[in-house]
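The values are calculated or read from the model by the stated rules, or taken from the named source; none is laboratory data. In this text the structure is predicted, and so the values were computed from the model without any measurement. FYI the Cβ positions are ideal-geometry reconstructions off the backbone, even for glycines, and counts take in every protein chain you see.
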Amino acid sequence: MNLKFQYDCSGVDWEVVPQILKTVGMSFYNAEIHRNTFIASASVVFVYDGQQLVGFGRAISDGYCQAAIYDVAVLPSHQGCNIGRLIIQKIVTSLPMCNFILYASPGKEPFYEKLNFRKMKTGMALFIKPDIMKDKGFTE
Ligand SMILES: CC(C)(COP(=O)(O)OP(=O)(O)OC[C@H]1O[C@@H](n2cnc3c(N)ncnc32)[C@H](O)[C@@H]1OP(=O)(O)O)[C@@H](O)C(=O)NCCC(=O)NCCS
């Protein structure tokens, strides 16, 4: 592997972002929406193996105290190589004053626990598609 980490949105092939999200079983939109969400984010990480985009993540934030992490994904071919850990670490260190929240895909909580995240006892969510999120195991 020849990994390169990128911390801005330059040169990203946005068509590949929903392809990767679909491959790993996460929610995805069209390429333009993903381009807009990453550009609007306070912190972005893209990981390339040579020329191939193999992982990414992003955080929205006020830049001072609060941040939320979204769209963390690593291609199956590259999982288990510490790339996910490095994506989270880069996002967290880029916003050093911030608390971070996220909702883990069901079953992925242990990954975040290894990175010192703790389960929230009072997390609440208002989803656009509440029935789907309930069916997927995100809400009670
Ligand atoms: C979850 C994901 C981002 C992890 O990325 P990764 O590069 O495979 O993980 P890493 O290699 O950095 O793993 C870091 C540590 O977490 C552990 N870990 C990773 N995924 C795990 C899982 N699903 N359950 C338990 N532990 C896990 C690893 O074993 C490793 O532990 P170690 O320090 O003891 O070796 C990746 O598997 C993925 O993209 N999954 C599909 C999409 C997804 O669910 N994303 C998260 C959305 S909330």
Taking residue 126 as the residue in question, decide whether it is within 23 Å of residue 3 (Cβ to Cβ) and either near the ligand (Cβ under 8 Å from one of its atoms) or in a loop (DSSP other than H, G, I, E, B) (or both). no
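Answer with yes or no whether residue 107 is within 15 Å of residue 58 (Cα to Cα) and either near the ligand (Cβ under 8 Å from one of its atoms) or modelled with pLDDT under 95 (or both). So that I can check it myself, show each step before the final result.
Details: within 15 Å of residue 58 (Cα to Cα): no; either near the ligand (Cβ under 8 Å from one of its atoms) or modelled with pLDDT under 95 (or both): yes.
When the stated conditions are applied, residue 107 does not pass them.
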Where residues in region 14-27 are away from the ligand (no atom under 11 Å from the Cβ) and assigned to a loop (DSSP other than H, G, I, E, B), which of them is farthest from the chain's Cα centre (by Cα)? 15
Out of region 69-100, which residues are touching a residue at least 60 places away in the same chain (Cβ under 8 Å), within 7 Å of the ligand (Cβ to nearest atom) and small (Gly, Ala, Ser)? none
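Which members of region 27-37 meet the condition of being under 25 Å from residue 109 (Cα atoms), surrounded by fewer than 21 Cβ atoms within 10 Å (Cβ to Cβ) and at pLDDT 95 or above?
Keep residues of region 27-37 that are under 25 Å from residue 109 (Cα atoms), which gives 27-29, 34, 37.
From what is left, the residues that are surrounded by fewer than 21 Cβ atoms within 10 Å (Cβ to Cβ) are 27-29, 37.
Scanning region 27-37 gives 28, 29, 37.
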Cβ pairs under 9 Å, 6+ apart, first in region 101-112 and under 12 Å from residue 136 (Cα atoms), second part of a loop (DSSP other than H, G, I, E, B) and near the ligand (Cβ under 6 Å from one of its atoms): 105/24; 105/26
